[in-house]
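The values are calculated or read from the model by the stated rules, or taken from the named source; none is laboratory data. Keep in mind it's a predicted model, so treat the numbers as computed, not measured. Cβ atoms come from the backbone with ideal geometry, glycine included; neighbour counts cover every protein chain shown. Keep in mind that these areas ignore ligands, DNA and RNA; they rest on the heavy atoms of the full protein, side chains included. Shrake-Rupley method; radii C 1.70, N 1.55, O 1.52, S 1.80 Å.
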Amino acid sequence: MAFSSATITYMSIISNCTAAALTDAATTLLRGNLVAFPTETVYGLGADASNKDAVARVYAVKGRPADHPLIVHISTAAQLDKWASEIPEYAIKLARAFWPGPMTLILPRTDLAKDFITGGQNNVGVRVPEHSVALALLKEFEKQGGQGIAAPSANRFGKVSPTTASAVSDELSDYLSKDDLILDGGPCAVGVESTIIDCTKDKPSILRPGAVTKEMIEDTLGISIDLSSFTTTSNQVKASGLLESHYAPKAKVFLTGLPTSGDGLIALGSFATPDGVVRLATPSTNAEYAKVLYEAFRLADSKGITRIFAIPPTGDGIAVAINDRLAKSAFEK
Ligand code: TXA
Ligand code: MG
């Protein structure tokens, strides 16, 4: 139910995502409204990927520059050739190994992927997410005639991706309208955005590290992959996650030095909290670090903390994605 104050009527938050609620949400999308939904990585702000006006609203709600492309979400790899015109053998292997899951493939587009989705590029990003609510919504959307749901992370441009429905509401309620929805599927299991893999060349390269790690890709394909490509600014494909500053809370993030009284701290449990410092998260593994990172940023902002010290995790695997996001959140603008 939409709730309203004297002057504003807000979008609805659906906390009980029943089959009937998801049928309605799919219809809502096909009517051109926006539906924020949970995925295993972060919450997405969904629009019918074939509806130019709906997609334009996504850009307006996020405050995102129009030439930054959106990821199209589909329910199974079997839908991929609707959106992608050339699919190399290695991309098929990756899709088989990691979909549904936290991986986006960049591929040459078909005519279905219009300029308003790809930012005018000839490539399209496609992902099959692994969250029961996202998958059920996508299946229902396709059943009702939809082709794919375009969904960037459900935050204002340059800010921290939301990993809970209430974080989506905090970010976007001022910008969504009464016919839009937020589906609440609980906290996201992974907590950082999907691995983006450029599949437009002979060999894949990682544009944004995520929970599908370099080691996992190499094991699947039996080749070694270049990890340096995701840090280069000269990359031809445009990904806003490649900007040097992104994922930024209001507080300033420090990755070196030690916090003093009143500062916030994010670190593995083995790292003790100095006197007077506000512990924002105490993950016990790197996977848990990824899961709690963005909520810890939000907690700092809600407490009015102005300096966050994050102790970067070491090692490879998901630590690479965490360190990528930490470096961008700490980047001096
Ligand atoms: O985990 C995720 O990927 C989440 C969930 C909701 O699926 N989505 C997400 O979307 O993080 P977004 O728009 O916040 O970040 C996607 C990144 C952007 O940096 C965008 O520029 C890049 O993917 N991207 C999308 N399509 C692309 C394309 N055709 N070529 C190059 N980069 C692309
Ligand atoms: Mg984003």
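Given GLY44, GLY63, which one is in contact with a helix residue (DSSP H, G or I) (Cβ under 8 Å, 6 or more places away or on another chain) and in contact (Cβ under 8 Å) with a residue 12 or more places away in the chain?
Values: GLY63 fails: in contact with a helix residue (DSSP H, G or I) (Cβ under 8 Å, 6 or more places away or on another chain).
After ruling out the rest, the residue left standing is GLY44.
Which fully enclosed strands (runs of 3 or more DSSP E) of segment 160-215 have 1 or more residues being charged (D, E, K, R) and under 26 Å from ASP301 (Cβ atoms)?
Details: elements: 181-183, 195-198, 205-208.
Where strands (runs of 3 or more DSSP E) fall fully within segment 160-215 and carry at least 1 residues being charged (D, E, K, R) and under 26 Å from ASP301 (Cβ atoms), they are 205-208.
Taking the criterion of being acidic (Asp, Glu) and either surrounded by 24 or more Cβ atoms within 10 Å (Cβ to Cβ) or under 24 Å from THR220 (Cβ atoms) (or both), would at least one residue in segment 164-186 satisfy it? Break it down stepwise before answering.
To start, the set of residues in segment 164-186 that are acidic (Asp, Glu) comprises 170-171, 174, 179-180, 184.
Add one more test, that the residue is either surrounded by 24 or more Cβ atoms within 10 Å (Cβ to Cβ) or under 24 Å from THR220 (Cβ atoms) (or both), and what stays is 171, 180.
Within segment 164-186 (the criterion being acidic (Asp, Glu) and either surrounded by 24 or more Cβ atoms within 10 Å (Cβ to Cβ) or under 24 Å from THR220 (Cβ atoms) (or both)), the answer is yes, since at least one residue qualifies.
So in segment 229-264, with the set limited to residues that are charged (D, E, K, R) and more than 14 Å from ligand 1 (Cβ to nearest atom), which one is modelled with the lowest pLDDT? Break it down stepwise before answering.
So in segment 229-264, the residues charged (D, E, K, R) come out as 238, 244, 250, 252, 263.
Adding the requirement that they be more than 14 Å from ligand 1 (Cβ to nearest atom) leaves 250, 252, 263.
Values: LYS250: 93, LYS252: 96, ASP263: 98.
The selected residue is LYS250.
For CYS199, are the conditions met, namely being within 26 Å of ALA21 (Cα to Cα), surrounded by 19 or more Cβ atoms within 10 Å (Cβ to Cβ), in contact (Cβ under 8 Å) with a residue 24 or more places away in the chain and within 12 Å of ligand 1 (Cβ to nearest atom)?
no
Tell me which residues, restricted to segment 114-124, are in contact with a helix residue (DSSP H, G or I) (Cβ under 9 Å, 6 or more places away or on another chain), open to solvent by 20 Å² or more (accessible area, probe 1.4 Å) and part of a helix (DSSP H, G or I). Spell out how you get there, then give the answer.
Residues of segment 114-124 that are in contact with a helix residue (DSSP H, G or I) (Cβ under 9 Å, 6 or more places away or on another chain), as a first pass: 114, 116-117, 121, 124.
Filter once more, so that each one left must be open to solvent by 20 Å² or more (accessible area, probe 1.4 Å): 114, 116, 121.
Across segment 114-124, the qualifying residue is only PHE116.
Looking at (1) open to solvent by 10 Å² or more (accessible area, probe 1.4 Å); (2) on the phi < 0 side of the Ramachandran plot; (3) within 16 Å of ligand 1 (Cβ to nearest atom); (4) out of contact with any Cys (no Cβ under 6 Å at 6 or more places or on another chain), find the lone condition where GLU215 falls short.
The number of the failed condition is (3).
Determine which single condition GLN144 fails, assuming it passes every other condition in (1) more than 14 Å from the chain's Cα centre (by Cα); (2) crowded, with 21+ Cβ neighbours inside 10 Å.
(2)
Looking at ARG156, ARG127 in this structure, which one is open to solvent by less than 10 Å² (accessible area, probe 1.4 Å) and either among the hydroxyl-bearing types (Ser, Thr, Tyr) or under 16 Å from the mean Cα position of the chain (by Cα) (or both)?
Criteria check complete, one pass: ARG127.
Can you tell me how many residues within segment 202-219 are over 16 Å from ASP316 (Cβ atoms) and either free of Cβ contacts under 8 Å to residues at least 12 places away in the same chain or more than 16 Å from ligand 2 (Cβ to nearest atom) (or both)?
Within segment 202-219, residues that are over 16 Å from ASP316 (Cβ atoms) and either free of Cβ contacts under 8 Å to residues at least 12 places away in the same chain or more than 16 Å from ligand 2 (Cβ to nearest atom) (or both) number 4.
Collect the residues in segment 89-125 that are under 21 Å from ALA189 (Cα atoms) and within 16 Å of ligand 2 (Cβ to nearest atom), keeping them in residue-number order.
PRO102, MET103, THR104, listed by residue number.
Test PRO283 against the criterion of being assigned to a loop (DSSP other than H, G, I, E, B), at pLDDT 95 or above and open to solvent by less than 50 Å² (accessible area, probe 1.4 Å), and give yes or no. I'd like the intermediate steps shown before the answer.
On the way: assigned to a loop (DSSP other than H, G, I, E, B): yes; at pLDDT 95 or above: yes; open to solvent by less than 50 Å² (accessible area, probe 1.4 Å): yes.
So PRO283 fits the description; yes.
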